[in-house]
Amino acid sequence: MDLLILGKPNVGKTLLMINLAAYLGLREIQLDVEDADGRSRSLRLGLERARRELVSMRAPKTLTVQSVGLEASLGRQKVRLVAVDTPGIGEGIPDENHVRHQMALTLERLMSAALVFHVVDASTVGMRRVEAPGPFDWALMELGRNMAAAYLLVANKMDKPGSQEGMRHLKERARGITIIGVSAVTRRGFRDVKSWMMRTLA
Ligand SMILES: Nc1nc2c(ncn2[C@@H]2O[C@H](COP(=O)(O)OP(=O)(O)OP(=O)(O)O)[C@@H](O)[C@H]2O)c(=O)[nH]1
Ligand SMILES: [Mg+2]
């Protein structure tokens, strides 16, 4: 069962995936990376190393789809999930072939995922920055409303200045959509995200 994590570049998708894996009890992650040529390779990384090597303030960082197997307890039952981290999607269709290909792969996974985290940076709402929520996000929210998969709008970076106000705007825009504020850094909101996952999978 896939948990697809998508959104614009630099919004914190990869850090969210790593720290959520840690929150769910993983000490290291086994990362399956899908190379551009369609081959996949696997690497084991400690959490610290994963953060150091996979997360960056310079976008675009994640260039190919990469996933981590997670196990979450649902009552006494264990649920296996594959968290799928994806390259950031900007506005419009990219010029470069490989970037377009990765975008297509990401959107393809959207069709088969059981759970979708659409990540936005709450501290950049209304700003003129590549990672600020914009037309791509509004369109994805509409899609989320009508998607078969369970869709969650994750408002990340709630530890940063301006995020509270950003969250207010997002809530207005996202009426009828479930939205949870988190910080992938401080792990604030992770308990709510986990409860949402458990409720949804129950
Ligand atoms: N303050 C703060 N910084 C965050 C948070 N989440 C991520 N960051 C930072 O934002 C930057 C981007 O994080 P990534 O996890 O690499 O973002 P991404 O969405 O995977 O980026 P791409 O792979 O380029 O699409 C890094 O410098 C992170 O440390 C957060 O909740 N709060
Ligand atoms: Mg990334």
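Nothing in this text is a laboratory measurement; each read-out follows from the coordinates by a stated rule. For clarity, every value in this text was computed on a predicted model and none was experimentally measured.
Suppose we keep just the DSSP beta bridges with both residues in the chain; what percent of those would be antiparallel, to 5?
Details: 19 of 38 bridges.
Bridges in the chain are about 50 percent antiparallel.
Quick one: which residues, 5+ away or cross-chain, put their amide H under 5 Å from the amide H of SER40? H built at 1.01 Å from N.
Result for SER40 returns ASP35.
If you plug each phi of the stretch 101-114 into the Karplus form 6.51 cos²θ - 1.76 cosθ + 1.60 with θ = phi - 60°, what whole-Hz ³J(HN,Hα) values come out, in order, with x for Gly and Pro?
For the stretch 101-114, the Karplus-derived couplings read 4, 5, 5, 5, 4, 5, 5, 5, 5, 4, 6, 10, 5, 8 Hz, x marking Gly and Pro.
Relative contact order for the stretch 114-164: what is it in percent, counting Cα pairs under 8 Å that are at least 6 residues apart? If you can, show how the numbers build up before the last one.
Working: 69 pairs, mean separation 27.5, N = 51.
Relative CO of the stretch 114-164 lands at 54 percent.
What list of ³J(HN,Hα) couplings, whole Hz, do you get for the stretch 161-172 from phi and the Karplus terms 6.51, -1.76, 1.60, once you set θ to phi - 60° and write x for glycine and proline?
For the stretch 161-172, the Karplus-derived couplings read x, x, 6, 5, 5, x, 5, 4, 4, 4, 5, 5 Hz, x marking Gly and Pro.
For the chain, what's the radius of gyration and Dmax over Cα atoms, in angstrom?
Both quantities, over Cα of the chain: 15.8, 48 Å.
Please report how many Lys pairs in the chain have alpha carbons closer than 29 angstrom, counting only residues at least 8 apart along the chain or sitting on separate chains.
Qualifying lysine pairs in the chain: 21.
What residues qualify as long-range amide H neighbours of ILE89, i.e. H under 5 Å apart, gap of 5 or more or another chain, H built at 1.01 Å from N?
Amide H to amide H, under 5 Å and 5 or more residues apart or across chains, ILE89 pairs with GLY7, LYS8.
For the chain, what's the relative contact order in percent, using C-alpha pairs closer than 8 Å and at least 6 residues apart?
So the answer I get is 24 percent.
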